[in-house]
Each structure stands twice: as C-alpha cells, then as structure tokens.
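Presented below is the structure to which this report refers.
The values are calculated or read from the model by the stated rules, or taken from the named source; none is laboratory data. Fair warning: this is a prediction, and the values are worked out from it, not measured in the lab. Positions of Cβ are backbone-derived with ideal geometry, glycine not excepted, and every protein chain shown enters the neighbour counts. Heavy atoms of the whole protein, side chains included, go into the accessibility calculation; ligands, DNA and RNA do not. Shrake-Rupley method; radii C 1.70, N 1.55, O 1.52, S 1.80 Å.
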Number of protein chains: 2
Amino acid sequence: MASKITPRAKDYSQWYLDIIKIADLAENSEVRGCMVIKPYGYAIWENMKSVLDEKFKETGHSNAYFPIFIPKSLFEAEEKNAEGFAKECAVVTHYRLKSDPDNKGKLIVDPEAKLTEELVVRPTSEAIIWSTYKKWIQSYRDLPLLINQWANVVRWEMRTRLFLRTAEFLWQEGHTAHATKAEAIAEAEQMNNVYADFSQDYLAMPVIKGLKSESERFAGADETYCIEAMMQDGKALQAGTSHFLGQNFAKAFDVKFANKEGKEDYVWATSWGVSTRLMGALIMTHSDDLGLVLPPKIAPIHVAIVPIYKTDEQRAQIGEKVDEIIAALKKKQIIVKYDDDDQKRPGWKFAEYEAKGVPVRIAIGPRDLENNQVEVARRDTQAKTSVSIDGLADYVEDLLAEIQVNLLSRAELFRKENMREVDTYDAFKEQLEKKGGFFLVHWDGTSETEEKIKAETKATIRCLPLEMEKEPGVCMVTGKPSKQRVIMAKAY
Amino acid sequence: MASKITPRAKDYSQWYLDIIKIADLAENSEVRGCMVIKPYGYAIWENMKSVLDEKFKETGHSNAYFPIFIPKSLFEAEEKNAEGFAKECAVVTHYRLKSDPDNKGKLIVDPEAKLTEELVVRPTSEAIIWSTYKKWIQSYRDLPLLINQWANVVRWEMRTRLFLRTAEFLWQEGHTAHATKAEAIAEAEQMNNVYADFSQDYLAMPVIKGLKSESERFAGADETYCIEAMMQDGKALQAGTSHFLGQNFAKAFDVKFANKEGKEDYVWATSWGVSTRLMGALIMTHSDDLGLVLPPKIAPIHVAIVPIYKTDEQRAQIGEKVDEIIAALKKKQIIVKYDDDDQKRPGWKFAEYEAKGVPVRIAIGPRDLENNQVEVARRDTQAKTSVSIDGLADYVEDLLAEIQVNLLSRAELFRKENMREVDTYDAFKEQLEKKGGFFLVHWDGTSETEEKIKAETKATIRCLPLEMEKEPGVCMVTGKPSKQRVIMAKAY
Ligand SMILES: [Zn+2]
Ligand SMILES: [Zn+2]
C-alpha cells in the first residue's frame, strides 16, 4: 500500500491527495466541489468536535440551530458581509420538481413553483442569526448571549481541494452578543485562544496567534483574530478565525438593548469558527511518505494489534493473551483494534495501520508469547522495541503521551527552521522562492504595499502576531516606518 | 408564567405551541417553514443524539458525511423515491449573486451563474449515498456496509408545525448495504427495535412496532417498519421508520457485488431514520398544563435548586449548604442548576423550572437549614416532601429513577385506556369522533378500503402491529377476510 503514496518531495499536492486516499478519509463526490467524508475521516472529525464542544461549553456557550436558508433580503442587510460572500452563494429559486412531459421518468424544475424571494444557502450565518437575535435581546439582562452552532455551510469555490476548500464543508460557528465593546473583544480573543490551545494540545500543531490586516479580514468584521499554522511545504494554513464584529450586524439588523440606566445602545458582536479544514491542517502537519500520522489525543484508534501465526492453535493462543492485553489497555481508556483477519497478511496490516496513522502498533507471534513479550512500533519515529507483557499497558500509556509531545516538538522545530526575519525585499523574494516558509518582515501598514507584494510574490500577510516582540523598523518595500514585524507567507 | 399556557382541554394545538414557547425550545424563523432550535431545545436533542449515536455504534455502525446537494439526474434515478419527494424539493439553480444595477446595495441572482444541472437539497440521501456506494462495493468482503449520517434535510412542506413538520429538520439517516435479503431485513428490524427501545427506555414513550401498509410505505421501500406513539389527544405520531429497500437502489445505481463463489448480484439495502420530530413526540407524550415534563434520562437539568431567603446572610448560609448538596449530587452524575439569581423571586423560579420540565426541584430556606432538611418537589406528580439533607443525594437518585418509570407507566396506562378493538365500521366512526385514540380493526388488505376509510374519517392505517396476537377476522368495511387486526388512528 505504502508504495501508492507519491513522496512529499516529488509532488506535495499529489502526496496530500494520496494520503487522504490511502488513509480512507474522504473523496470527491458526484456533486462538483462537495466531498464525502468517509467513516475513518469522520471519526477524526468527531473527536475534534467533541473536544471543541466541551471547551465551548466550559467557556459558557450553548449550542443551538438556525436555518440553512437565508432570505436574500436578510442576506444583503450587512453590506460588506453580503459583498464578501455574494460571488459564491448557492441560491434556491424553486421549491418543486415535476415530471418532464417530453421525457418519461425524468424531472424538471416546476416553473410554477418559483419562490417570491430567493433563498441563499448559508455561507456563514451572521445574517439569519442576527435577524433572530433582534427578537431575543431587549435589555442588558439578555446579555451576553453566547451561542454556538455545528452546521454545514456552502461557498461556491471555483477551485476546490479535499478538506482545504470545498463547496460544502462542516464547521462550528459561534455567534455572541455583548453589552460592551471591551467584553466582545475579550470574547473574540478568548475563542482565538481556545482554538490555539486546541491546535497545540490536541492536534500537536503549533500555531501563531495574530490579527489579520484590513484586507484579509472577514467581510463585516472590525478585527479578525486568527491562528496560522505552517504546513510541511512551508505554506501557511489559517486554521481558525475569531471576529470582533463591532456593532456592524447590530446596526444592520437594528439590535439594541437597554442598559442598567435604561439607555439604549447597539449590541456588540463576535463570531468565530473552525471547520473540516482542520482535517487538512492535521494531515499536512504530521504525515509522511508512509501515510497519515495522528496525534494520539485525536486518533480514533490508539493501538493496532497484529498477531503473527502459522497455525490455528498459535492464533488461538495469541488471541487469549491479546484478550488480557486489551483488557489492561481499555482500563486506561486506550482504544485498541485487534486485527486477526485471517485473509490478510501481517505485512499488509502493518502498512494499513501505518497508512491510517495509528500511533502505536503491537505485533505478537509465538516466540513473543514464549518470552512473554510483544513488539511495539511507534508510528511517529518508526522505532520498534520489544516490551514485556507485564507492564505493557503502562508502557503504552507513556508512549502515547510521548508521541503526542514528540509530534508537537517536531512541528515546532520544523517551524522554527522555516521562519526567518528578512529586512530587504530582494532577500524576501529570493528566500521565498528558494526556501519558502514564514517571513517576519516590516511592512508600512498600507494596503498598497500589501497588494504589491501579493501581486509580485503571491505571499500575503498571514497576521500581525500578538505574542511576539514588537520591535519597530522600516518597511522592506517602501522604507516607511513600521511598528512591528508581520508574518508573510504563501498560504492555502 | 403558567397562566400563559392554553389548557390542553381547551385547545390542544395551541397548548402544544405554548409549551414550546414557555419552555423556550424553538421558534419559527424568518424563513418560511424553517425553525430555530433554541439552546434548551437543542440540549434535549443533543441528549437524544448522544444516546442514539452510542446505540448505532454498539450495533456496528460508523458515521460519515455525504453532500447536501443531489444532482437532479441522480435524484431521479430511483423512480418511486424521486416521485415521492419531487413535489417538495428545494432546488438550487444558481451559484452566484451580483449587485442589482437598478438598486444600489441590493443583490440579484446572477443570470450568468446558472447551473448546467440543477441541484436538489437532500430530502433524504439514498440517491447520493447509493451513487457513492457503487464505488465502494465490489465484493462480499465490502459487505455489510453499515453507515449512519447526522444531517439536516429539507422537505418543502406546505403546512408546517414546530418540530412535527418543518421545511428543514435535523435527523440521522442510516444507510446499509448487505449481501443477502435476510440480512437486510434483520438489519431493518434491528434498527426499528433500537428506536423502540430508545423511545421506551429514554423518552418514557411507549410505542407500537409495526409494518406500514403499502400505501404508507417510504417511497422506494419494499417494506417499512415503524414505531407509532400515542399523543395525549389520542392521535398517532410516527416516531421512527426503518426501511427494507430490497434491491431497488442497487438496481437504480447499478451496485453489484461478487459473492464468495464469484457470482454477481445486486446489493440489498436498508435505510432508517429519526428526526427532531421526536422532540414533538416527547412534548406531546408527557407535558401538562403547567409546561413541559421531561423524563430524567433525557433532561438537560435534573434538579433545580431554589434558595429562599430574605437577608444576604441567609443567602450566604444557604449557598454554603447547597455547595455540599451539589457536590454530593454531582458524584452521582446528577446535573444540577442552582438558581440564586437575586433579581427573581422564588415563585417565579418555581414556575420557570416547572415550565421547562426539570424533573426535580429543591427549595431551601432558613428554617430548612435549621432542621437540616430541604423541600423536594417532583415535576411529574407535583408532590412535595421534606427530606433530610443527610442522604439527600440517594433520595434524589432514587426519585429520578422513579419519575422515569412513572412517566412510562402513565403513558402506557393512557394508551391502554385509549386503544380499543372495534368490529363494525359504524362503531369505528362513532368512537373515532367521540373518543379518538387507536383502533384495532380488521381490514381486508386492499388500498381501496384503506382509501375509503381515510377519505371518510381521516384515519389511516398506522401499522400492522408486529407483536400482537394475530387473530383472523372480517374487514369492518367490506366483510372480506382479514388475517390480523391493524391499528387505525388519526395521525400527525
Ligand atoms: Zn496552551
Ligand atoms: Zn426494551
């Protein structure tokens, strides 16, 4: 199986698609740009969801559900937001099909079932949610309103790519309403931190927290917080965003509240989301030429056990011992798959679980049984060791923790090696082409300079980093003053 | 608050809507026929989902995700299914909006962005899933394929009603593929049993398992299994269905497999689903004129604790004791809400938690503190008792179990009292009008008779019950022979 993967070094894009295929994560569907998320891929997404959902609830949010459709008149209410998404909206215009009179067994759209107002399939839900919040918010007592929604959204992208950019994708979108500007900003920051912690602590994916430049902001936001991760080809991937929406949606939908003194004001808003794009980020952060590599904290299977036998008697003996091993592992919340499928050879199984990124593989044969040991292989480093069956569960528990840590350090090291300060535009252009990666550069803060760099190099400002030293300098392009270095990179 | 609920006896339909409103479960949105599921309603749905999801996984199913859109040509492939849903399909015809040249700030559908093939928003996913299964299934080794999807679906219903019938609703749809007819039938029966057990064991809602008559079957199914519940107005509510699809979809999408002997055959299929309709069923099974009544196993909050105090000192003393109580309850997985909101009076809070169906309410005042006791009120019977704080957690744990049992018995008793055998059409018509409920009647098995009864009485065959004695008889309408009694009722 492993031989089917195009090496990263040869063709990175194809490598990415090969990993998705060999690990059985997703595939393109018969609907242009829409994917099918296959069971193994969905199981990883479910794990992400469950951790994030718990974090949202711990920070006081409740889940709810709003309609998938947005009447055009509501959609266009917040002008910048509408403008930003209008070009990629799926639009429902009719509510009925009928038999084609000219073509038996075929259906046509019934022209008599035309909607008086078209419905946009939500590309994001601010419009439908804020038109609802108008009914829910009257006084400061109704605030803060802290709601999250798990949903599918549709953005008609022209060039799609599994997980990274699909016409339909799954996500969560938080939509909160606050009495003060400071509280809304704190919420937007808090949720960006939740995303950053999740990425680092669960996905073992280091991220840089920052602010978007004006031109890269969410349409309708006053400020966009983001987390940016570095993929193995040195490109950036925006893994999550959290928007301070100011009073823009409150004004567009006339959502006011009476404060304690009875004075009316518009409500302050945030929205924040991560999507199945995280699957793409996860794949491109850790995987290698043998397949997917999964951090244990997000893996649907922690340990695959493969028996090695010739006779039915050996198989049965191994099976008995494995039952004990599984019982010990389960006590520690370790998820085990015992694969004693008689139709497949051990080598095939090894390659299979490697391709699927299962963090630990245990092999056990008759000789191992005699010596009361097993062979333990870790996916991240490919290292193998013989381990005594006594204390195996403890060993595996520690190993899973070590793999989790190792994946994060490895990714941090990679990022460190591929992030550099440059001070001249020539050096920037040269190193961007030769080495790729993230560049810490001085920029004069204007959209003109940003546009020029993008047009000439395809690199964009990924963010104004929040947690790095803010040394002033001069713009690498114009020589004008700059308050801090920003991160520039080519991006997904 | 309670006074805002229209009594059931006065106007059952309005009572239903009032419960939804006062318990803050859902509301109509600005999109015709689509609802907003509010946080408290969604929390109940989440509890249902989590129990069901576990049961699906225990029975070997995995979750996956398929596109929301179905190209028209795929949608029409299984003719009966297409025919059944064509009249209520939302259809996407365009993929872009643009600025209205005649109306600044407004958007219009871009006529140049017309899709070459229209996309149906899934009313159910057999078509898109079976066109995918074609790629996944080649041999008996690929079978059974046991997949479930949690998703939103859209059926353009003309007359909608919160939870019971909405244009968009949330559901799960299982789609399985099997090598043999017997295995597919066993799967359809198994999943109908999973639904029945869930309804009875968690929702405390007794159901009758049965088969649909041909005219009431799912479009494209060879057999539809169902569970039917009796609402408090005597009407039936179909709470879940499980379909044996024969080889209909395999033939429509050309899905064949090679068996062990290398012979090719079409694959056998099932599909099965429950939806947010269960929320409506839950509401109408247990609620009363004071509000929602929730079975503890599905309630987002098990116990509401309300302090009764005059001074801040009393409030603080009670708060300390309540901390101990909460700690003891949490150890038993009991979910507690302590409501010491100073802005609301105890009476208001009592009514609020009653309206929301919280199974147990605890009130605690200074006198209670002195006597080391609290007042415990159960939502189902409205009974109140003083209970010593020592052993309170045990008492509450037992009480929650008792409430769960009591709700089911109460519903079973109600159903027993409202289900009757009748043998003449006159008696049927008279009692249907006077008393409502379920009728066990003999029917000659023809669609003509079924149609006649429906046209004359609005009652339909809810199901051919699977677990009742099968005594033969003569049709109450035509006098022709009947093999077993069927259940007839008016239905939601
Ligand atoms: Zn952290
Ligand atoms: Zn049972």
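Measuring from a point 7 Å out along Cα→Cβ, what nm distances, shortest first, does B:G347 have to its partners in the other copies?
Reported distances to equivalent positions: 8.3 nm.
Label the protein assembly as shown by shape, choosing from rounded, prolate and oblate, from the square roots a ≥ b ≥ c of the eigenvalues of the Cα gyration tensor; if a/c is under 1.5 it is rounded, and otherwise prolate applies when a/b is larger than b/c, oblate when it is not.
In terms of gyration-tensor shape, rounded.
Treating the angle as unsigned and between 0 and 90°, give the value, to the nearest 10°, between the Cα long axis of helix A:181-201 and the longest Cα principal axis of chain A.
20
Kindly give Rg over Rh for region B:419-489, based on alpha-carbon atoms, with the Kirkwood expression for the hydrodynamic radius. Mind dumping the intermediate values first?
Values: Rg = 10.8 Å, Rh = 11.8 Å.
Dividing the radius of gyration by the Kirkwood radius yields 0.92.
Got a sec to turn the phi values of region A:440-455 into Karplus ³J(HN,Hα) couplings, 6.51 cos²θ - 1.76 cosθ + 1.60 with θ = phi - 60°, whole Hz, x for Gly and Pro?
9, 10, 8, 9, 7, x, 9, 5, 4, 5, 4, 4, 4, 4, 4, 5
How large is Rg/Rh for region B:71-174, to two decimals, with Cα atoms and a Kirkwood Rh?
Across region B:71-174, the Cα-based Rg/Rh ratio is 1.08.
I'd like to compare A:296-308, B:382-394: which one has the highest average count of other Cβ atoms within 10 Å, and what's the full order after that?
Per-residue Cβ counts within 10 Å, averaged per peptide and sorted highest first, yield A:296-308, B:382-394.
On average, how many beta carbons from a partner chain sit within 10 Å of the beta carbon of a residue in A:39-49?
Mean number of neighbouring Cβ atoms from other chains: 3.
What do you get for Rg/Rh of chain A when both radii come from the Cα atoms and Rh is the Kirkwood radius?
Radius of gyration over Kirkwood radius for chain A works out to 1.03.
Considering every residue in A:126-134, what mean count of other chain Cβ atoms within 10 Å of its Cβ is obtained? Walk me through the numbers before you get to the answer.
Details: counts 0, 1, 5, 2, 0, 3, 5, 0, 1.
That works out to 2 on average.
Can you give me the C-alpha center-to-center distance between region A:108-130 and region A:20-66, rounded to a whole angstrom?
25
On C-alpha positions alone, give me the angle between the axis of helix B:277-286 and the longest principal axis of chain B, in degrees, nearest 10.
Here the helix axis deviates by roughly 40 degrees.
Residue by residue, what Karplus-based ³J(HN,Hα) values in Hz, rounded to whole numbers, does region A:140-154 have, using 6.51, -1.76 and 1.60 with θ = phi - 60° and x for Gly and Pro?
Result, rounded to whole Hz: 4, 5, 7, 10, x, 10, 10, 10, 10, 9, 9, 7, 9, 9, 10.
For region B:301-405, what is the largest minus smallest coordinate of the Cα atoms on each principal axis, given in angstrom and ordered from greatest to least?
40, 28, 21
Report P(r) for region B:183-310: all Cα-Cα distances, bin width 5 Å, range 0 to the bin holding the largest distance, values in whole percent.
2, 10, 16, 17, 14, 11, 9, 7, 5, 4, 2, 2, 1, 1, 0, 0, 0
To one decimal in nm, how far is B:K429 from the same spot in the other copies, if labels go 7 Å from Cα toward Cβ? Please give the shortest first.
Its label point is 9.2 nm from the equivalent points in the other copies.
Students sometimes get this wrong: rank B:T276, B:T478 by accessible area, probe 1.4 Å, all chains present, largest first.
Largest to smallest exposure gives the sequence B:T478, B:T276.
Starting from the Cα gyration tensor of region B:77-128, take the square roots of the eigenvalues, sort them a ≥ b ≥ c, and report rounded, prolate or oblate (rounded when a/c is under 1.5, otherwise prolate if a/b is larger than b/c, else oblate).
Since a/c reaches 1.5 and a/b is larger than b/c, the shape of region B:77-128 is classed as prolate.
Just flag the trypsin sites (Lys or Arg not before Pro) in region A:446-492 sitting in loop per DSSP whose Cβ has no more than 13 other Cβ atoms within 10 Å.
On the way: sites: A:K452, A:K454, A:K458, A:R462, A:K470, A:K483, A:R485, A:K490; in loops: A:K458, A:K470, A:K483, A:K490.
Here the sparse-neighbourhood loop sites are A:K458, A:K470.
How much accessible area per residue does chain B have, in Å², with a 1.4 Å probe? Don't skip to the answer; put the middle values down first.
Details: 20320 Å² over 492 residues.
In whole numbers, chain B has 41 Å² accessible per residue.
By how many nm would the segment from A:K80 to A:E214 grow when fully extended, if each residue of separation counts as 0.36 nm and the alpha-carbon distance is taken off? Present the calculation step by step, with values, prior to reporting the outcome.
Numbers: separation 134, 0.36 × 134 = 48.24 nm, distance 1.27 nm.
My answer for the length gained is 47.0 nm.
Kindly provide the GluC sites (Glu not before Pro) of region B:201-302 that DSSP labels as loop, not H, G, I, E or B, and whose Cβ sees at most 15 other Cβ atoms within 10 Å.
For GluC sites (Glu not before Pro) across region B:201-302 that sit outside H, G, I, E and B with at most 15 neighbouring Cβ atoms in 10 Å, the list reads B:E261.
Round to a whole angstrom and tell me the spacing of the C-alpha centers of region A:470-492 and region B:284-327.
Their Cα centres are 56 Å away from one another.
May I ask for the net charge around A:L162, where only other residues with Cβ less than 13 Å from the Cβ of A:L162 are counted and Lys, Arg are +1 while Asp, Glu are -1?
Summing Lys and Arg as +1 and Asp and Glu as -1 gives +1.
Loop only per DSSP, at most 12 neighbouring Cβ atoms within 10 Å: give me the GluC sites (Glu not before Pro) in region A:402-482, ordered by residue number.
When the GluC sites (Glu not before Pro) of region A:402-482 are filtered for loop state and at most 12 Cβ neighbours within 10 Å, A:E467, A:E469 remain.
Nearest 100 Å² is fine: how much accessible area is buried between B and A, summed over both sides, with a 1.4 Å probe?
Chains B and A together bury approximately 5600 Å².
Under 10 Å from the Cβ of A:T446, count the other residues' Cβ atoms, weight Lys and Arg +1, Asp and Glu -1, and hand me the total.
Details: positive: A:K452, A:K480; negative: A:E214, A:D444, A:E448, A:E450, A:E451.
Net charge in that neighbourhood comes out at -3.
Let me have the 222 nm mean residue ellipticity of chain A computed from DSSP H runs of 4+ only, each contributing -39500 (n - 2.57), with the sum over all residues rounded to the nearest 500. Working shown, then result.
Values: 14 runs with 172 residues, N = 492.
Helices in chain A give a 222 nm mean residue ellipticity of -11000 deg cm²/dmol.
How much space per residue, in cubic angstrom, does the convex hull of the C-alpha atoms of region A:351-476 take up?
With only Cα atoms used, region A:351-476 gives 148 Å³ per residue.
Is the C-alpha gyration tensor of region A:14-112 telling us rounded, prolate or oblate? Criteria: a/c under 1.5 is rounded; beyond that, a/b larger than b/c is prolate, otherwise oblate.
On the way: a/c = 2.15, a/b = 1.27, b/c = 1.69.
It is oblate, given that a/c is not under 1.5 and a/b is not larger than b/c.
Can you list residues from other chains, or at least 5 along the same chain, whose modelled amide H is less than 5 Å from the amide H of B:R462?
Residues meeting the amide H criterion: B:I487, B:M488, B:A489.
Tell me, what % of the accessible area of region B:419-489 is carbon and sulfur with a 1.4 angstrom probe?
51
If I model a spin label as a point 7 Å beyond the Cα along the Cα-Cβ vector, how far apart are those points for A:K263 and A:D340 in nm?
About 7.5 nm, to one decimal.
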